[in-house]
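Notes to accompany the following structure.
A short reminder: the numbers here are calculations on the coordinates, not readings from a lab. The shown structure was predicted, so the numbers you read here are calculated from the model rather than taken from an experiment. Using ideal geometry, Cβ is built from the backbone for each residue, glycine included, and neighbour counts are taken over all protein chains shown.
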């Protein structure tokens, strides 16, 4: 996320004082107002490496003779700074009036020059952006999620507005679930109308999600793309199945022609991700592609997602141009885990806490693997991710005095 | 340095060691005492991290001492493995070969220790120990549990601490971490659990000499505590190694909230130098102490637990080889136990299991026929639920390219045609006399079409296989 717009800034100090409110959000007592919360990128001091260090003065010395030392042997610490030959592309989501759209601001994601939070001497790059989900019809949601949005279910525009105003969404992700031929099979025209209403209800950038059917999605995306010309929507998603169904080309061309971006979705397989991107390069500049490498729920294979993202990022930084795209995580998928919604024995705690913490940990785990943009749902997960993502990559306050006596704490 | 240099300026990493390198140093007698086909097969499994060197019994005899030492050095992980706890119930921490799990695999899942302290009222103290030892969760057929107890001295009094350690030792056989900055207190604790080989926490700037003496005397591993001060941490490690203490565990300090970036940076820097450059001073296991969130002035316990949960999970991902926590709430611990299990699975293991028909229990001709996908975690979850409920049935595992039910339905890998094809391939038509198929609840939308294409009656099962037993009780056998 770029911080050039003053209304888009989160003050670290202020957000810290808000921490207790996590509790209240969990209880659904009240929602956090993020109106005055700003982050000031300009204030961050970045360590600039004074040189690369490739050897340790003390590391190769012979071990000292076994005479018990009487004093501490002094040692120094020289940070190891690793530089990478390549970087991840930046992608701009949403277009302002000045650039042909109607959004109040655009959001830049990507730009990583090192694995996530691997080295404080590398600038942290753009903050991860957070999109909150909206569904265009009544869908089955766990109770804990539903109670935050109950009054707006079935009204995508109102839901979008709530996501932005109440929960501080950077973007809104509209899922056109009703277009699924096996569900309601609503028409591309109806779908485009829903997107139009959402665009009118909020002025943040929008992600538009289809139903997963490669033929139907192509029709829907073409209609939506034309209707929202110039808005730099992120079309979620294009797949190799579309290539097989011969619908990839029309969708990619529509995205190109009407000034949108595509989300290239593949299932935990880097070769597929690369192949899909290669096909997309025929129609679109690479700066219009974001990758979805698949987010699996904690307990259902999150480790596959974690490692695929670590591998993709490392390969990208080492020069694999076909993987140098920002990546998205649908952390809402965490709610697929039974531990998020199931009533369990009392020793496992209440699902009111288990669910939100599951989504939070899902998102934070992948943050450490390099996620650039999220699709999420629970306000407490959003709050915590934003808080921690804002802190990582900036100099921390390692106040030794505060924790030195943890052993003696009377709790 | 550049990333390429970082890759090459080290001693041979585990991925560069070939089975031949190992084979050359083995006895070469193909004695099969290790249960492998021959020495070459053993060597291959050793470099794959699937078997440990000490399984080769001849190698442990004096005759092969030199070869054993050479092999130990060749295969030594950049992060030392340190063991503590009573014989037969010990835990090993560290022993990491790589920075990122996909490079090889992570070994020695980080034990999670829960604290008690020596001024806790008796009933609370005993209740806590019972809750720690009793906590377990059945996850895909494995029992996940807590692994150690950290006994903290809050009294400052050697006798009180001694009693607390004695009490814990009497109550359970879990490995212990004795936490006391005062060497006199530590000594009292150590003398009351002589055969437990606890981890001593911790040597710091002031007490390091006495703690080193205690570690040597009692042959216990020693933690090193230098919060937020990496030069001091290195200085302590170098000094302690020179002192003769070789089993060290490092605590660079766990800071949460506005200190979280320092924590992640320090843990990452230490582990990166250990794995990329074989730095000898950082090549030790790391302790994360999410419990430090309880040091602040935050009052709400729920917020503290939330912070502890979040901090613990990040430290599991970022190289903590051992965690000390305070919260005993299930919602805090469950995600840690599951994430730890997941993170330490072998990433080389495929995402999918073999498609085909599986038999559970003793199914007869009227037993249920169920269906699921071949995504490993989906399959293991269903398998574990079927076993837990002792259901006699056939389970058709359909090839969805390793996708879960929901993704497979969305991506059209699971559809009426693929269901029909797997029914035909499975041969299940010969095994049962009925024609009723239970499909996952998440594939409900396929039921109509599947009935048409397969000619079977399709029952929409529960959305989650934990509901299978109840579902079958109510719906099986189906009405004709």
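Largest first, the extents of the alpha carbon coordinates of chain B on the three principal axes equal 80, 59, 44 Å.
Helical runs assigned H by DSSP (4 residues or longer) give chain B a calculated mean residue ellipticity at 222 nm of -12000 deg cm²/dmol, each run adding -39500 (n - 2.57) before division by the residue total. Considering only alpha-carbon pairs that sit under 8 angstrom and 6 or more positions apart, the relative contact order computed for chain B is 11 percent. Within the range A:94-156, the proportion of Cα pairs with more than 14 Å between them is 72 percent.
Rounded if a/c is under 1.5, else prolate if a/b beats b/c, else oblate: with a ≥ b ≥ c from the C-alpha gyration tensor eigenvalues square-rooted, which is the range A:198-280? In terms of gyration-tensor shape, prolate.
As an equivalent ellipsoid, the protein assembly as shown spans semi-axes of 46, 33, 28 angstrom, where each value is the square root of five times an eigenvalue of the C-alpha gyration tensor, largest first. Per-residue extension of 0.36 nm, minus the Cα-Cα distance of residue B:72 and residue B:38, leaves a gain of 10.3 nm for this segment. Our Cα-only numbers for the range B:356-475 put the radius of gyration and Dmax at 12.7, 34 Å.
Counting only alpha carbon atoms, the long axis of helix B:122-134 and the longest principal axis of chain B meet at about 50°. Rounded to 0.05, the FRET efficiency of the residue B:48 and residue B:392 pair, given R0 = 30 Å and the Cβ-Cβ distance, is 0.20.
Can you tell me how the range B:64-117 classifies by the Cα gyration tensor, rounded, prolate or oblate, using a/c under 1.5 as the rounded cut? The shape class here is oblate.
Over 17 Å, how big is the tail of the calculated P(r) for the range B:96-222, in percent of all Cα pairs? Summing the P(r) tail past 17 Å for the range B:96-222 gives 60 percent. Taking every alpha-carbon pair under 8 Å whose residues sit at least 6 apart, the range A:287-407 reaches a relative contact order of 26 percent. Summed over all non-identical Cα pairs, the Kirkwood treatment of the range A:245-331 gives a radius of 13.4 Å. Mean partner shielding of peptide B:333-343, defined as the number of other chain Cβ atoms within 10 Å of each residue Cβ, is 6.
Label-to-label distance, residue B:433 versus residue A:347, with points set 7 angstrom from Cα along the beta-carbon direction: 4.5 nm. Its relative contact order, with pairs defined as Cα atoms under 8 Å and 6+ residues apart, puts the range A:322-381 at 48 percent. Summarising the label geometry, the points placed 7 Å from Cα in the beta-carbon direction at residue B:18 and residue B:425 lie 3.8 nm from one another.
Considering every alpha-carbon pair of the range B:81-343, the percent of pairs per 10 Å bin, from zero through the bin containing the longest distance, is 7, 32, 39, 20, 2.
What's the long-distance tail for the range B:3-75, i.e. % of Cα pairs beyond 16 Å? Above the 16 Å cut-off, the range B:3-75 has 47 percent of its Cα pairs.
For a paramagnetic label modelled on residue A:97 (point 7 Å from Cα along Cα→Cβ), amide N atoms under 18 Å away belong, within the range A:186-227, to A:199-205. By how many degrees, between 0 and 90 and to the nearest 10, does the Cα long axis of helix B:260-277 differ from the longest principal axis of chain B? On a 0 to 90 degree scale, this one is about 90.
Among A:159-171, A:131-143, B:294-306, sorting by the average number of other beta carbon atoms lying within 10 angstrom of each residue, highest first, gives A:159-171, A:131-143, B:294-306. Residue separation of residue B:445 and residue B:210 scaled by 0.36 nm, minus their Cα-Cα distance, works out to 77.7 nm of gained length.
Spin-label model, residue B:417/residue A:70: points 7 Å from Cα along the beta carbon direction are separated by 8.6 nm. Computed from Cα positions, the angle between helix B:158-171 and the longest principal axis of chain B comes to roughly 30 degrees. Sorted fewest first by neighbouring Cβ atoms within 10 angstrom, B:193, B:179, B:275, A:104 come out as A:104, B:193, B:275, B:179.
Rounded to whole Å, the principal axis extents of the Cα atoms in the range B:234-326 read 45, 26, 19, largest first. In summary, the range A:265-411 shows an alpha-carbon radius of gyration equal to 1.26 times the 2.2 N^0.38 Å reference for compact globular proteins.
Binning the C-alpha pair distances of the range A:155-207 at 10 Å intervals from 0 yields a P(r) profile of 27, 50, 22, 2 %, listed from the shortest bin outward.
So what is log10(I(q)/I(0)) for the range B:173-224 at q = 0.21, 0.28 1/Å, when the Debye sum runs over its Cα atoms only? Debye intensities relative to I(0), on a log10 scale: -0.61, -1.11. Judged by the ratio a/c of the largest to the smallest principal axis of the C-alpha gyration tensor, the range A:337-411 counts as oblate, that ratio being 1.5 or greater while a/b is no larger than b/c. If the segment from residue B:65 to residue B:131 were pulled out straight at 0.36 nm per residue, it would be longer than the present Cα-Cα gap by 19.2 nm. The range B:319-392 and the range B:110-165 have Cα centres separated by 28 Å. Take the Cβ atoms of residue B:163 and residue B:301, set R0 to 35 Å, and the FRET efficiency comes out at 0.80.
If you plug the beta carbon distance of residue A:78 and residue B:92 into 1/(1 + (r/R0)^6) with R0 = 35 Å, you get a FRET efficiency near 0.70.
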